[in-house]
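Worksheet: one structure, shown below.
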Amino acid sequence: TIILTGSTGGLGQEIANFLGMLNANIILADRDFEKSSKLKENLLKKYNISVKQIKLDLQNLDSVTNFITEVKKQNIDAIIHNAGVYNLPTNDEQNYYIINKVNYLMPYYITKSLLPELKKSSLARVVVVGSIAYEYAKFNPCDPEYLMCKKPNKIYGNSKRCLIYSMFELFKNEKNVKLSIVQPGVTPTNITRHFPKFVRGIIKLPMKMVFNSPKKSSLCVIKGLFEDLNYNEWIGPKYFGVWGKPKKSSLKQISNEEILQIFQDAEENYNLIEKIK
């Protein structure tokens, strides 16, 4: 039984279909229950599996805590953190914080909260969808949400950088649950929906011609369920990290000081959420 967040997006639907082919039972974790219901219906038509839905809005703490409570009633084997947001329609500080919250803080909180449940499984795996955009930013402990930055690629990159390295540190001494960081490369999915309309029109065809399709990109995520990785390794497209079949490779090393700052930020936010939930 595998939890899949962000299952209704272009990449998420392809991941869900591959999981169905593998005869895995799926828990769809999405904020749009109507879209999730349609995906559930399609999956049940194709595969002889169990498909459940649990509402999850990563922007809302009550939704996150309710989700964790419901998941603890299930027997789970793996979590795939696929949900994410690149940019939001308006560029105020609250929206910057939401990007950080959705892409980094809540996935970390959910993972740490559910580790005891995952340890009961023989698969016991967490798959985290990262991005090569992690290279575009550097964590600033004085401005962890990048509120002073106005560039979406750096705000998004910071959130993914924090997600990746907080997870590496969380699992550094974990013996019973394995971590796989994956990155699907550049692919035409719903994550570009907040781009200006004329930009989407310009890039749509070139993206389809040059980059992997969502279906091919999702193979990196599926491979992450079965391939063991070391610290600072991930699975991504073979060529330049954007195209080709899934391949294991090393991330560009960042300083130990920055890694510890990121992990400290993650732990402080985890403890804060525990106090206020």
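For the set 106, 21, solvent exposure ranked by accessible area (probe 1.4 Å, protein chains only) runs largest to smallest as 21, 106.
Taking θ as phi - 60° and the Karplus parameters 6.51, -1.76 and 1.60, the scalar couplings of region 256-264 work out to 4, 4, 5, 4, 5, 5, 5, 5, 4 Hz in sequence order, x denoting glycine and proline. Taking a ≥ b ≥ c as the square roots of the eigenvalues of the Cα gyration tensor, the chain is rounded, since a/c falls below 1.5.
Nearest-5 percent of antiparallel DSSP beta bridges in the chain? Before the final figure, lay out each step's value.
Numbers: 6 of 28 bridges.
Beta bridges within the chain, antiparallel portion: roughly 20 percent.
At 1.4 Å probe size, put 167, 148 in order of accessible surface, largest to smallest.
On the way: 167 0, 148 150 Å².
The ranking, largest first, comes out as 148, 167.
In terms of its C-alpha gyration tensor, region 138-180 comes out prolate, because a/c is 1.5 or above and the ratio a/b outweighs b/c. Legend: residues 96, 270, 239, sorted from most to least accessible area (1.4 Å probe; ligands, DNA and RNA excluded), read 239, 270, 96. Mind scanning 154/245; 151/252; 101/154; 46/178; 119/215; 151/245 and naming the pairs with a C-alpha gap bigger than 25 Å? Pairs exceeding the cut-off: 154/245; 46/178; 119/215; 151/245. Among the protein heavy atoms, those of residue 36 account for about 0 Å² of accessible surface (1.4 Å probe, every chain in place).
Could you look at the chain and say what percent of its accessible area is carbon and sulfur, using a 1.4 Å probe and all protein chains? Present the calculation step by step, with values, prior to reporting the outcome.
Working: 6840 of 13410 Å².
Here carbon and sulfur together make up 51 percent of the probe-accessible area.
Would you mind classifying region 1-118 by shape? Square roots of the alpha carbon gyration tensor eigenvalues, ordered a ≥ b ≥ c; an a/c under 1.5 is rounded, otherwise it is prolate if a/b is larger than b/c and oblate if not. Taking the square roots of the gyration eigenvalues as a ≥ b ≥ c, region 1-118 is oblate. Measuring with a 1.4 angstrom probe and ignoring ligands and nucleic acids, residue 136 comes out at about 110 Å² accessible. Straight-line cross-link partners of residue 120 among the aspartates and glutamates, defined as a Cα under 16 Å from its Cα and at least 8 positions apart when in the same chain: 77, 174. In the context of the full protein assembly, residue 14 retains an accessible surface of approximately 50 Å², using a probe radius of 1.4 Å and ignoring ligands and nucleic acids.
The values are calculated or read from the model by the stated rules, or taken from the named source; none is laboratory data. These numbers were taken from a predicted model, which means no experiment stands behind them. Side chains are part of the model used for accessible areas, which takes the heavy atoms of the whole protein and leaves out ligands, DNA and RNA. Shrake-Rupley method; radii C 1.70, N 1.55, O 1.52, S 1.80 Å.
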